[in-house]
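Reviewing the structure listed below.
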Amino acid sequence: MNEENKLLFKSYISKSRNNTPLSNHVPESKKHKSWLNDWHINDTVLKIHLLYLGNKNAVDGDDLGIFAKRLLANELEVGGPYYSYDNLYTNALIAQLFRTLGAPLEKVETYISEKLSTLMLCDTKTYWSISWPHKLSRPELKNLNLSPNTDIGRLMIKSVNNITSSKNTSKTKRLANIAENYAKEYIDKLEPTLNKVGISFWNKIINIDTRSEISSLALYVYDSIAGNEDHYPNKSIKLGVANIYAWIAYTIYDDFIDEEGRPSHLSLANLMHRQSYSTFIEEFPSNKQIIENHFDSVDVSNSLEIQKYRFATAEDMVTIEQIPEYGDGTFLANRALGHVLGPKLILSEMELSAHQEKLVDSIFNNYLIARQINDDLKDWADDLKNGHASYVVSKLLDSAEISPGTYGYEELRDRLQANFWDVTFESCIAIILKKINKSKQDIIASKIFKNDNSFVKKVLQPIADKAESDLLEYKNSKQFLKSYSVS
Amino acid sequence: MIETLHQVLTDSSVRSNQAVEAKLVQNSDVATPWFD
């Protein structure tokens with residue numbers, strides 16, 4: 001380990017206990033990048049790893065493009081191992097880095113495992129390299145002779161001993177599971193044909209609900225209200241169940257709106273829709289009007305979508321008559337209003353002023369709009385092909401000044417592509433961030449919520465983080481290709 | 001990008017500039033071609 005890595009390692013170990021990122025500790029040589037080619041492979045790998053552990057953004061696409069070529073130059077076989085005078089140590093460092101990156105190198109790990117099976121003794125740095133920060137496959141450690149006599153050696157052993165096991169499942173995740181299972185229990189009781197379709201849609205919803213936004217939005221909002229204690233009433237869980245039912249119903253209805261619906265799914269959609277409505281009514285019988293207004297808003301918006309936000313398509317041709325206007329995005333929020341019905345019912349039990357009620361609407365509308373634009377960004381090419389004039393598609397057509405007329409899909413997509421990456425992508429990311437910020441500002445202004453609350457941390461912030469990371473990923477990918485392509 | 005780096009290292013057919021470019025696009029969450 002060279003002197004700069006020793007400093008980085010010491011800094012990481014001492015600061016990581018306080019969860020302080022290493023972002024302020026990017027050394028001067030990081031800026032010059034020569035270390036990526038000039039340092040010994042071990043130190044290069046270690047430095048990338050330490051920088052990444054401190055701050056994911058400290059390693060960019062340019063660094064990894066150069067690093068990819070460096071590894072390929074040392075490759076013994078495709079996928080590893082990689083050559084150096086100290087093969088086990090080098091490959092352990094590489095394996096550790098790729099475990100941290102979330103992309104383990106299987107052949108390198110197999111190589112390490114085989115090497116270790118014949119090893120009786122090893123030095124501190126090798127022991128550390130196979131143990132920190134991830135425990136790689138290894139034989140019994142009792143045979144290893146470890147008596148570090150340097151500061152860095154002692155720190156290496158200490159770092160291995162300080163590795164903590166992963167945290168238990170969070171409380172909200174456990175509650176999300178209760179809501180998910182409650183919905184599944186109902187579906188399990190359906191007659192076999194409906195049950196089969198029901199389980200496939202239930203799985204689909206649970207799989208897309210990676211942050212438990214569908215099953216736990218009401219819980220997050222309940223938990224965020226100032227004065228609410230750390231306990232979750234059964235009512236909040238039932239609202240999650242009702243939301244899962246509604247998502248299943250409207251996923252099927254959306255298929256019909258897209259003219260891809262299957263009649264065999266329709267009965268399940270109706271059943272889930274009715275079940276969602278009756279669960280909301282059961283939990284909030286005196287708020288029938290709010291519940292019906294929200295369901296009406298979604299259905300009216302779906303009808304409007306077919307009338308105003310569709311282009312005719314036929315045989316890979318798209319006919320554009322008029323590019324729809326989305327204005328401030330209210331239509332996007334209305335279309336998804338059912339998703340925030342649970343939280344709104346919870347808030348309806350509070351005595352809010354007219355101003356606070358207005359802020360509540362703004363908080364959720366901006367959240368829904370940001371969420372929808374985020375989804376539309378990924379799907380614009382497919383949406384265009386299917387004649388769906390989504391927010392992003394409309395913005396693109398407008399920005400590229402596409403006139404009314406009939407176009408071949410591929411030709412039109414190619415025309416829009418450059419505009420998407422040069423203009424629309426960044427401007428949509430900016431709109432997402434602006435909407436999330438507005439929602440956060442209104443949360444503060446409403447004086448309803450705790451300062452440090454779950455709705456911001458688990459729902460709003462992840463959308464902003466995702467938007468920023470999408471933009472960074474795009475920029476990094478371009479850099480990666482540029483530095484990788486230089487011969 | 002990390003997924004692409006992994007593919008470059010583990011699959012010899014993903015090493016030409018064109019193949020890397022195609023993988024970067026394919027692996028992007030915003031799965032739309034972005035090079036001319």
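Distances longer than 43 Å among the Cα atoms of the protein assembly as shown: what percent of all pairs is that? Within the protein assembly as shown, distances greater than 43 Å cover 31 percent of Cα pairs. Among the trypsin sites (Lys or Arg not before Pro) in the stretch A:166-218, those placed in a DSSP loop whose Cβ has at most 11 other Cβ atoms within 10 Å are A:167, A:189.
Computed over the stretch A:308-487, relative contact order equals 29 percent, with contacts defined as Cα pairs under 8 Å that lie 6+ residues apart. So what's the gap between the Cα centers of the stretch A:203-249 and the stretch A:366-380, to the nearest angstrom? Each part reduced to its Cα centre gives a spacing of 20 Å.
Note on residue A:135 and residue A:307: with the Förster distance fixed at 45 Å, the Cβ-Cβ geometry gives a FRET efficiency of about 0.15.
Computed on chain A, with alpha-carbon pairs under 8 angstrom and 6+ residues apart, the relative contact order is 15 percent.
Loop-located GluC sites (Glu not before Pro) in the stretch A:378-487 (DSSP state other than H, G, I, E, B) with a sparse environment of at most 12 neighbouring Cβ atoms within 10 Å: A:401.
Structure shown: which of A:10/A:458; A:395/A:438; A:235/A:440; A:434/B:23; A:238/A:395 lie over 29 Å apart, alpha-carbon to alpha-carbon? Table pairs above 29 Å Cα-Cα are A:10/A:458; A:434/B:23; A:238/A:395. For the stretch A:397-440, just say rounded, prolate or oblate: build the C-alpha gyration tensor, square-root its eigenvalues into a ≥ b ≥ c, call rounded for a/c under 1.5, and beyond that prolate if a/b exceeds b/c, oblate if not. Prolate, since a/c reaches 1.5 and a/b exceeds b/c. Compared with the dominant Cα axis of chain A, that is its longest principal axis, helix A:425-446 is turned about 70°. Between 0 and 90 degrees, rounded to the nearest ten: what's the tilt of helix A:3-16 against the longest Cα principal axis of chain A? That helix lies at roughly 40 degrees to the long axis. For chain A, the 222 nm mean residue ellipticity estimated from helices alone, with every DSSP H stretch of n ≥ 4 adding -39500 (n - 2.57) and the total spread over all residues, rounds to -21500 deg cm²/dmol. Can you give me the relative contact order of the stretch A:217-354 as a percent, contacts being Cα pairs under 8 Å and 6 or more apart? 29 percent. Assuming charge only on the beta carbon of Lys and Arg (+1) and of Asp and Glu (-1), the dipole of the stretch A:346-463 about its Cα centre is about 540 debye to the nearest 20. Which order do A:1, A:156 fall in if you start with the one that has the fewest other Cβ atoms within 10 Å? The most exposed by this proxy come first: A:1, A:156. If the chain linking residue A:482 and residue A:56 were pulled fully straight, counting 0.36 nm for each residue of separation and taking away their Cα-Cα distance, it would gain 151.4 nm. Helix A:87-100 axis versus longest C-alpha principal axis of chain A: approximately 20°, rounded to the nearest ten. Evaluated at q = 0.15, 0.21 Å⁻¹, the base-10 log of the normalised Debye intensity for the stretch A:328-457, with identical point scatterers placed on the Cα atoms, takes the values -0.75, -1.16. The GluC sites (Glu not before Pro) found in the stretch A:172-276 that occupy coil by DSSP, while having at most 10 further C-beta atoms within 10 Å, are A:229, A:260.
Each value in this text was obtained by applying a stated rule to the coordinates, not by laboratory testing. Bear in mind the structure is a predicted one, so any value in this text is a computation, not a measurement. All Cβ positions, even for glycine, are placed from backbone atoms using ideal geometry, and neighbour counts span all protein chains on display.
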